[in-house]
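K.L.:
Once you've had a glance at the structure underneath, I'll fire off some questions.
The values are calculated or read from the model by the stated rules, or taken from the named source; none is laboratory data. Predicted, not measured: the structure shown is a model, and the values here were computed from it. Cβ sites come from the backbone with ideal geometry, for glycine too, and all protein chains shown count toward neighbours.
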Amino acid sequence: MSKYYVNKFLFTVDRNPEYLERYTKDPRTFVATWEQSIGPRLNDAEMSTVHSFTEAERTALIEHDYVALFEMGAHFFLNLTIFIGIYDEAHMLKNGPLAFQKEFAARLQHWVGKDYPSVST
């Protein structure tokens, strides 16, 4: 897994309202666009040709599978905050405050007592 590239995606998309909206509405198209033209950008003038997602990473990002991303070693905080941005309001309206965070924790319950996957890149 390219933890760096996945974490770069999570960080970049979560901090850009336009990207977050595009990722929420059409994840398949946005992940492909990000991987081809946004992710490789190092700065305004330089592009990298080194990184790409694995098929498992791409699938997890497209499916918003935050459990799989966690298990692959995506940074816990980046993984949580992007999906709060996507799901929190809908969950809160339906189930009250912190509803998405509680769901996130419940879906990761099988990790209690185990060492968490390393987030080092």
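K.L.:
Looking at Y5, Y19, which is the one that is touching a residue at least 24 places away in the same chain (Cβ under 8 Å) and hydroxyl-bearing (S, T, Y)? Walk me through how you get there before you give the answer.
P.N.:
Details: Y19 fails: touching a residue at least 24 places away in the same chain (Cβ under 8 Å).
That would be Y5, the only listed residue that is touching a residue at least 24 places away in the same chain (Cβ under 8 Å) and hydroxyl-bearing (S, T, Y).
K.L.:
If we scan the stretch 26-38, do we find a residue that is closer than 30 Å to K102 by Cβ and more than 15 Å from the chain's Cα centre (by Cα)? Reasoning before the result, please.
P.N.:
Keep residues of the stretch 26-38 that are closer than 30 Å to K102 by Cβ, which gives 26-28, 30-31, 34.
Next, from what is left, pick out any that are more than 15 Å from the chain's Cα centre (by Cα): none.
The answer is no, given that none of the residues of the stretch 26-38 is closer than 30 Å to K102 by Cβ and more than 15 Å from the chain's Cα centre (by Cα).
K.L.:
Can you find a residue that is out of contact with any helix residue (DSSP H, G or I) (no Cβ under 9 Å at 6 or more places or on another chain) and of a type in the set (S, T, N, Q) anywhere in the stretch 31-38?
P.N.:
First pass over the stretch 31-38, keeping only residues out of contact with any helix residue (DSSP H, G or I) (no Cβ under 9 Å at 6 or more places or on another chain): 36-37.
Applying the additional criterion that residues be of a type in the set (S, T, N, Q) yields 36-37.
Taking every residue of the stretch 31-38 in turn, at least one turns out to be out of contact with any helix residue (DSSP H, G or I) (no Cβ under 9 Å at 6 or more places or on another chain) and of a type in the set (S, T, N, Q).
K.L.:
Under 15 Å from F104 (Cβ atoms), touching a Phe, Trp or Tyr at 6+ places or on another chain (Cβ under 8 Å) and not in a loop (DSSP other than H, G, I, E, B): is that true of F83 in this structure?
P.N.:
Numbers: under 15 Å from F104 (Cβ atoms): yes; touching a Phe, Trp or Tyr at 6+ places or on another chain (Cβ under 8 Å): yes; not in a loop (DSSP other than H, G, I, E, B): yes.
It is true that F83 is under 15 Å from F104 (Cβ atoms), touching a Phe, Trp or Tyr at 6+ places or on another chain (Cβ under 8 Å) and not in a loop (DSSP other than H, G, I, E, B).
K.L.:
Scanning the stretch 10-25 for residues that are aromatic (F, W, Y) and under 11 Å from the mean Cα position of the chain (by Cα), which turns out surrounded by the most Cβ atoms within 10 Å (Cβ to Cβ)? Full working, then the answer.
P.N.:
Of the stretch 10-25, the ones aromatic (F, W, Y) are 11, 19, 23.
So of that shortlist, the ones also under 11 Å from the mean Cα position of the chain (by Cα) come out as 11, 23.
Numbers: F11: 15, Y23: 24.
The selected residue is Y23.
K.L.:
Which of the residues that make up the stretch 64-121 are acidic (D, E) and modelled with pLDDT under 90? Spell out the reasoning first.
P.N.:
Start the filter on the stretch 64-121 by keeping residues that are acidic (D, E), which leaves 65, 71, 88-89, 103, 115.
Those that are acidic (D, E) and modelled with pLDDT under 90: D88, E89, E103, D115.
This table checks each residue for (1) of a type in the set (D, E); (2) surrounded by 14 or more Cβ atoms within 10 Å (Cβ to Cβ); (3) touching a residue at least 24 places away in the same chain (Cβ under 8 Å).
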residue	(1), (2), (3)
T33	no, yes, no
Q36	no, no, no
N43	no, no, no
M47	no, no, no
E55	yes, no, no
A60	no, yes, no
V67	no, yes, yes
E71	yes, yes, yes
